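Okay, structure first, notes after.
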Amino acid sequence: MHRLLSILLFAFGLAVTTDEIYDNSHALLIGIDKYQNVRSLDYAVKDAEDIKSVLIDKFHFQQDNIVLLKNEEATKAKIIQEFSNITKIASKNDRVLIFFAGHGKTEDLPAGGEIGYLLPVDANDDLYLSSINMDEIKTLSLRSEAKHILYLI
């Protein structure tokens, strides 16, 4: 009986779909190949576009719930604005995916340790003013009621 119960619970677990777990799915996808002040990349935009296709085709995200920022669209202000929009829209039974394909950089702190940054298209040598530090990402995510937030950075 114990063995049969385990098999039934396992089968039930496989039968549960995302429709039964989440009410809605949201994504912010960022791909930057052509930076204004930083070395260019080759495949970041393609990666973001491919992720969008996978989310729609395999994970049944609605296209209207996916924001894709590419190259010149991916400014610091626009990334933070779109992230903030998702935190306001996503409810307690939703899932959120944040995908960032682009440069990142760390800055050594004078007292020890370091701080990490995501570099938007308009980033420059002043990381604090022109980039998105990881603490800001954490703060933005804490503002969301979403059931799950997955970061692919």
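The values are calculated or read from the model by the stated rules, or taken from the named source; none is laboratory data. All values reported here derive from a predicted model rather than from experimental measurement. Cβ atoms come from the backbone with ideal geometry, glycine included; neighbour counts cover every protein chain shown. Calculation scope for accessible area: heavy atoms of the full protein, side chains included, ligands and nucleic acids excluded. Shrake-Rupley method; radii C 1.70, N 1.55, O 1.52, S 1.80 Å.
A few notes on this one:
- Here is the figure for segment 39-64: residues that are among the charged types (D, E, K, R), open to solvent by 70 Å² or more (accessible area, probe 1.4 Å) and closer than 18 Å to Asn24 by Cβ total 3.
- Residue check, Ile30 assigned to a strand (DSSP E or B) and either of a type in the set (Val, Ile, Thr) or at pLDDT below 65 (or both): yes
- Which listed residue, of Ile80, Ile132, is open to solvent by less than 50 Å² (accessible area, probe 1.4 Å), in contact with a Phe, Trp or Tyr (Cβ under 7 Å, 6 or more places away or on another chain) and either among the β-branched types (Val, Ile, Thr) or closer than 22 Å to Gly31 by Cβ (or both): Ile132
- Residues being closer than 20 Å to Ile86 by Cβ and in a loop (DSSP other than H, G, I, E, B) - total across segment 43-66: 4
- Within segment 108-129, being more than 12 Å from Lys76 (Cα to Cα), loosely packed, with under 14 Cβ neighbours inside 10 Å and in contact (Cβ under 8 Å) with a residue 12 or more places away in the chain holds for one residue alone: Asp125.
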